[in-house]
Amino acid sequence: MTSTSISVVEQVPALDAIAVLDALRSAFTELGRGNAAQPPQTVTLLPGGGDVILYQGQLGATYSVKVSPYLPQTDGSAVVTAWTILLDTATGRPELLVDAAGLTVERTSATSALAVDLLARPDAATLAIIGSGAQARAHLRYARAVREFTDVRMFSRSLTQADAPEGVKVAASAAQAVSGADVVLLCTSAGEALIDAASLPPGTVITSISTNVARAHEIDPAALPALDVYGDYRPTVVRSAGEMVIAAERGDWTAEQLRGDLPELLTGACPPPSGTRPVFFRSIGMGLEDLAIARLILEH
């Protein structure tokens, strides 16, 4: 029997933001050109409660899968873990096993920043962030890599000015934080609307992420018809994003109204924002994103 050498990484090392953004840009471009594969998420429901989500992806000679279990406990809490494995499709051998908790933070925030780079005005200078946890702080780091924001506000119920990141003003409310902002990053685990997205000025870019909350959404589903709506990947986001699913069920919005996704934006296959409405970008997370950053970790 031949032994297999595999790198095991239990803590994601510090990664250069520009390198991560370039890796994602390349991966989404190849997906848009038909040179990569992004299967839908697969959810396996576990007997007695809980589930396991699989995020797969393929790019070049690399296949990856992230296994993310959600395991409810008797005290009402839940164990949530995630592990990503890279496989060499030329040899069939595994190359890397990485604890994907940190990787997920990096790829989620970097994907939002890539969307900001593609959708926001070049002179965008005012940034609002709702949330103050690991995702919010990573979003700030990556957003600063794509625009020179001169005014940054952050709001969460638990954040004080003493705990705020350098150069960030703490707002008294979400409404105060987003007032006059060019870019709004929603970085919470909310299952309800946090801001009135439809009331923001035309051209304002709002990004939103997914969590384990059922039908998670950070804006009102009824607002979608008033927005230029984009997603990370068209075939998967319209099936899983909470506000899109809810709006479609209510008859307020259809998947055909999604204006574009990242592969289409990078290959010129969809129109840019109209400039007449706020812009909403929704990310649900993709195996290809995990793959792109895991390859950077392997090189590191």
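The values are calculated or read from the model by the stated rules, or taken from the named source; none is laboratory data. Worth saying up front: this structure is predicted, and the values here are computed from it rather than measured. Glycine gets a Cβ as well: all are built from the backbone with ideal geometry, and neighbour counts include every protein chain shown. Note: areas computed on protein heavy atoms with side chains; ligands, DNA, RNA excluded. Shrake-Rupley method; radii C 1.70, N 1.55, O 1.52, S 1.80 Å.
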Q.
For the chain, take the longest principal axis of its alpha carbons; what is the angle in degrees between that and the long axis of helix 100-119, to the nearest 10 within 0 to 90?
A. 50
(Q) Whole percent per 10 Å bin, from 0 to the bin with the longest distance: what is P(r) over all C-alpha pairs of the range 185-230? (A) 28, 58, 14, 0
Q | Mean accessible surface per residue for the range 75-208, computed with a 1.4 Å probe while every protein chain stays in place, in Å² | A | 41
Q: Take the Cα atoms of the range 160-212, find their three principal axes, and give me the spread along each one in whole Å, biggest first.
A: 32, 30, 16
**Q.** Alpha-carbon centroid distance for the pair the range 14-55 / the range 146-208, whole angstrom
**A.** 26
Q. In the range 150-300, carbon and sulfur make up what percent of the accessible area (probe 1.4 Å)?
A. 49
Q. Summing Lys, Arg as +1 and Asp, Glu as -1, what charge do residues with Cβ under 10 Å from the Cβ of Arg147 carry, Arg147 excluded?
A. -2
Q: Starting from the amide H of Gly57, placed 1.01 Å from N in the peptide plane, find each other amide H under 5 Å away whose residue is 5 or more places distant or on another chain.
A: Ser64
Q) If you line up the Cα atoms of the range 188-300 on their principal axes, what length do they span on each, largest first, in Å? A) 44, 33, 23
Q) Which angle from 0 to 90°, rounded to the nearest 10, does the C-alpha axis of helix 287-299 make with the longest principal axis of the chain? A) 60
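Mean 1/r over all different Cα pairs, inverted: what Kirkwood radius does the chain give, in Å? Working shown, then result.
Details: mean 1/r = 0.0509 Å⁻¹.
Result for the chain, one decimal place: 19.7 Å.
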Q) If the chain between Val52 and Lys169 were fully stretched, how many nm would it gain, using 0.36 nm times the residue separation less the Cα-Cα distance? A) 38.3 nm
Q. What share of all Cα pairs of the range 57-141, in percent, falls into each consecutive 5 Å distance bin?
A. 3, 11, 15, 16, 16, 14, 11, 9, 4, 1, 0
Q.
Can you give me the angle between helix 134-146 and the longest principal axis of the chain, using Cα atoms only, in degrees from 0 to 90, rounded to the nearest 10?
A. 80
(Q) Mean-square fluctuation check for the chain, GNM, Cα pairs under 10 Å: which of Ala125, Ala61, Ala78 is largest? (A) Ala78
**Q.** In order through the range 25-37: 3J(HN,Hα) via Karplus (6.51 cos²θ - 1.76 cosθ + 1.60), integer Hz, x for Gly, Pro
**A.** 4, 5, 5, 5, 5, 5, 5, x, 8, x, 9, 9, 10
Q: Please report Rg over Rh for the range 114-212, where both radii come from the alpha carbon positions and Rh follows the Kirkwood definition.
A: 0.92
Q: With just the Cα atoms of the range 1-133, tell me how far they stretch along each of the three principal axes, in Å, largest first.
A: 56, 45, 28
